């Protein structure tokens with residue numbers, strides 16, 4: 001029983017990162033109706049960015065977010081201007097198809113580029129306090145992962161406030177719901193698309209930073225993170241960032257339980273089973289509107 | 001003043017508008033009548049910038065609107081209440097109204113606009129924190145008209161505002177349109193409720209098969225034999 005509880009706690013902590021990774025994908029998909037399958041590669045880039053910021057400047061790894069966030073916002077603007085801005089010109093029905101082609105192309109290119117520049121080795125950020133462990137009732141909770149979970153939750157909270165309080169945040173939600181009605185309200189929908197894509201990329205960068213701190217990055221982690229994010233988006237549904245975060249926690253917990261019950265290899269299966277069950281039983285997801 | 005000249009629009013090979021010419025003067029109420037599929041909604045969407053016309057010109061106070069995006073046309077003072085209301089259902093009444101004032105020109109006067117909307121539709125004041133999708137159809141239409149008014153328009157265009165709404169609320173909305181017009185805002189109204197709209201309007205156009213087939217003073221059209229036969233039916237005698 002204690003082993004299960006221990007696994008569950010670790011699963012929830014990883015799940016917080018799933019939630020953060022999914023939030024960016026969900027935002028971009030919900031607003032632009034574009035499925036960015038290179039989202040995991042953006043997370044990978046964020047991880048490397050954090051790694052090099054810490055390695056070169058000696059900053060505290062969590063402080064590296066202050067550099068990685070603006071950098072990834074900027075990357076989002078560049079990617080939108082150079083690639084995804086063309087996809088949203090197409091009709092909504094053809095956007096997903098076109099975005100899949102562009103996304104897979106981008107994913108392959110970024111993966112190859114990362115191998116070329118940084119080799120295929122795994123890297124992770126080591127900190128002096130990285131080994132600290134909190135002991136609660138016989139359970140061991142790594143301090144780093146607690147901080148990571150708290151930071152992921154804080155970022156989701158900030159995003160939620162942006163989307164519900166900020167003028168352009170409301171415009172982004174309006175565009176997600178009905179872009180024609182948004183235009184008729186005087187909203188420059190293209191700008192809402194750009195902002196949503198940049199925010200989504202910034203979320204990927206933040207997730208990547210936390211992955212590099214608590215886990216590890218290598219050029220090939222992209223696909224796995226895209227897949228996890230996609231499962232969480234389907235599980236949680238569109239429209240609520242907090243719902244998406246909870247969806248991430250659910251996936252993390254489910255993975256831990258299935259790994260404990262059926263053995264390690266089944267960790268990866270449960271997400272796909274959830275994916276299929278949700279699509280059949282509740283296509284709008286747990287929290288979808 | 002809105003001047004539409006020789007406007008052509010099509011969906012693929014299907015021609016929806018075949019050279020429409022009409023004007024809406026400043027502060028005027030103009031009704032647009034016509035059967036389903038005549039191109040009424042297409043005309044409004046073209047003016048609002050949601051559809052690129054195939055030919056012809058749309059001028060507003062002498063300036064061509066042709067190359068502007070829909071959000072820029074709102075900024076110029078034209079607002080459209082679209083068919084089916086198209087509100088942001090997962091947001092509150094207040095948020096919908098606030099988003100209506102998104103255009104830069106509308107923002108400085110947002111507070112006054114909001115008071116104006118609540119004065120027109122007092123029912124909305126108490127419901128401002130409610131989600132829009134929880135409202136009745138008529139109340140939703142009030143929000144839709146209110147959202148368009150929040151952009152401080154000089155011309156308000158409405159696509160079938162009475163569709164699927166309880167008669168009592170239709171009266172409330174038409175009264176509001178009259179009130180809006182009295183404050184100097186032009187109204188361009190597409191309606192199935194021909195009798196009510198001709199009673200409200202100063203002038204009207206009849207659109208059939210993508211062309212203007214009749215126009216005139218609203219009072220005269222109410223007596224026109226073709227209009228009576230086609231749009232008012234035998235009950236029209238009861239005025």
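The values are calculated or read from the model by the stated rules, or taken from the named source; none is laboratory data. Keep in mind that this is a model prediction, so the values were computed, not measured. Note that we place each Cβ from the backbone using ideal geometry, even for glycine, and neighbour counts take in every protein chain shown.
Out of the residues in the range B:20-29 meeting the condition of being surrounded by 15 or more Cβ atoms within 10 Å (Cβ to Cβ) and touching a residue at least 40 places away in the same chain (Cβ under 8 Å), tell me which one is farthest from residue B:43 (Cα to Cα). Let's see the steps before the verdict.
Keep residues of the range B:20-29 that are surrounded by 15 or more Cβ atoms within 10 Å (Cβ to Cβ), which gives B:20-24, B:27-29.
Within this subset, residues satisfying the condition of being touching a residue at least 40 places away in the same chain (Cβ under 8 Å) are B:20-22, B:24, B:27-29.
Details: B:20: 8, B:21: 10, B:22: 11, B:24: 13, B:27: 20, B:28: 18, B:29: 17 Å.
My answer is B:27.
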Q. Within the group A:130, A:46, which residue is surrounded by 23 or more Cβ atoms within 10 Å (Cβ to Cβ) and touching a helix residue (DSSP H, G or I) at 6+ places or on another chain (Cβ under 9 Å)?
A. A:46
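Tell me which residues, restricted to the range A:160-169, are closer than 12 Å to residue A:195 by Cβ and either within 14 Å of chain B (Cβ to nearest Cβ) or crowded, with 19+ Cβ neighbours inside 10 Å (or both).
Taking the range A:160-169 as the starting set, the residues that turn out to be closer than 12 Å to residue A:195 by Cβ are A:162-163, A:166-169.
Those that are closer than 12 Å to residue A:195 by Cβ and either within 14 Å of chain B (Cβ to nearest Cβ) or crowded, with 19+ Cβ neighbours inside 10 Å (or both): A:163, A:166, A:167, A:168, A:169.
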Q: Determine which single condition residue A:247 fails, assuming it passes every other condition in (1) under 18 Å from residue A:153 (Cα atoms); (2) modelled with pLDDT under 90.
A: (2)
Q) Somewhere in the range B:101-109, is a residue assigned to a helix (DSSP H, G or I), over 18 Å from residue A:183 (Cα atoms) and free of Cβ contacts under 8 Å to residues at least 12 places away in the same chain? A) yes
Q. Among the residues of the range B:24-33, is there at least one that is over 17 Å from residue B:155 (Cβ atoms) and modelled with pLDDT under 95?
A. yes
**Q.** Subset of the range B:1-14 (residues that are modelled with pLDDT under 95, surrounded by fewer than 16 Cβ atoms within 10 Å (Cβ to Cβ) and part of a strand (DSSP E or B))
**A.** B:11, B:14
Q | Among residues of the range A:268-286, those that are in a helix (DSSP H, G or I) and either crowded, with 19+ Cβ neighbours inside 10 Å or touching a strand residue (DSSP E or B) at 6+ places or on another chain (Cβ under 7 Å) (or both), counted | A | 4
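Is it the case that the range A:66-83 has a residue that's assigned to a helix (DSSP H, G or I), within 18 Å of residue A:216 (Cβ to Cβ) and touching a helix residue (DSSP H, G or I) at 6+ places or on another chain (Cβ under 9 Å)? Give the steps one after another, and end with the answer.
Looking only at the range A:66-83, we keep the residues that are assigned to a helix (DSSP H, G or I), and these are A:66-83.
Now drop any that are not within 18 Å of residue A:216 (Cβ to Cβ), which leaves A:68.
Adding the requirement that they be touching a helix residue (DSSP H, G or I) at 6+ places or on another chain (Cβ under 9 Å) leaves A:68.
Yes - at least one qualifying residue is present in the range A:66-83.
Does the range B:63-89 hold any residues that are assigned to a loop (DSSP other than H, G, I, E, B) and either more than 8 Å from chain A (Cβ to nearest Cβ) or within 18 Å of the chain's Cα centre (by Cα) (or both), and which are they? Reasoning before the result, please.
Within the range B:63-89, the first condition is being assigned to a loop (DSSP other than H, G, I, E, B), and the residues that meet it are B:65-69, B:76-77, B:82-89.
Selection gives B:65, B:66, B:67, B:68, B:76, B:77, B:82, B:83, B:84, B:85, B:86, B:87.
Can you tell me which residue among A:207, A:192 is in contact with a helix residue (DSSP H, G or I) (Cβ under 8 Å, 6 or more places away or on another chain), part of a helix (DSSP H, G or I) and either closer than 30 Å to residue B:49 by Cα or within 14 Å of chain B (Cβ to nearest Cβ) (or both)?
Numbers: A:207 fails: either closer than 30 Å to residue B:49 by Cα or within 14 Å of chain B (Cβ to nearest Cβ) (or both).
Just one listed residue meets the conditions, A:192.
Looking at A:172, A:125, A:213 in this structure, which one is touching a residue at least 12 places away in the same chain (Cβ under 8 Å), within 14 Å of chain B (Cβ to nearest Cβ) and either crowded, with 16+ Cβ neighbours inside 10 Å or closer than 15 Å to residue A:18 by Cα (or both)? First the steps, then the outcome.
On the way: A:125 fails: within 14 Å of chain B (Cβ to nearest Cβ); A:213 fails: within 14 Å of chain B (Cβ to nearest Cβ).
Being touching a residue at least 12 places away in the same chain (Cβ under 8 Å), within 14 Å of chain B (Cβ to nearest Cβ) and either crowded, with 16+ Cβ neighbours inside 10 Å or closer than 15 Å to residue A:18 by Cα (or both) holds for just one of A:172, A:125, A:213, which is A:172.
Residues that are in contact with a strand residue (DSSP E or B) (Cβ under 6 Å, 6 or more places away or on another chain), within 14 Å of chain A (Cβ to nearest Cβ) and buried (at least 22 other Cβ atoms within 10 Å of the Cβ): find the strands (runs of 3 or more DSSP E) completely inside the range B:111-210 holding 2 or more of those. Walk me through how you get there before you give the answer.
Numbers: elements: B:155-159, B:186-190, B:203-208.
Of the strands (runs of 3 or more DSSP E) lying wholly inside the range B:111-210, those with at least 2 residues that are in contact with a strand residue (DSSP E or B) (Cβ under 6 Å, 6 or more places away or on another chain), within 14 Å of chain A (Cβ to nearest Cβ) and buried (at least 22 other Cβ atoms within 10 Å of the Cβ) span B:155-159.
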Q. Regarding residue B:32, is this residue away from chain A (no Cβ under 14 Å), touching a residue at least 24 places away in the same chain (Cβ under 8 Å) and crowded, with 22+ Cβ neighbours inside 10 Å?
A. yes
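Scan the range A:133-145 for residues that are crowded, with 16+ Cβ neighbours inside 10 Å and touching a strand residue (DSSP E or B) at 6+ places or on another chain (Cβ under 9 Å) and jot them down. Spell out how you get there, then give the answer.
So in the range A:133-145, the residues crowded, with 16+ Cβ neighbours inside 10 Å come out as A:141-142, A:144-145.
Matches in the range A:133-145: A:141, A:142.
Go over the candidates B:12, B:18, B:66, B:84 one by one and state the one that is on the phi > 0 side of the Ramachandran plot and touching a strand residue (DSSP E or B) at 6+ places or on another chain (Cβ under 9 Å).
On the way: B:12 fails: touching a strand residue (DSSP E or B) at 6+ places or on another chain (Cβ under 9 Å); B:18 fails: on the phi > 0 side of the Ramachandran plot; B:66 fails: on the phi > 0 side of the Ramachandran plot.
Matching residue, one of B:12, B:18, B:66, B:84: B:84.
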Q: Kindly indicate the residue of the range B:35-62 that is assigned to a loop (DSSP other than H, G, I, E, B) and at negative phi and also farthest from the other protein chains (Cβ to nearest Cβ) among those meeting that condition.
A: B:35
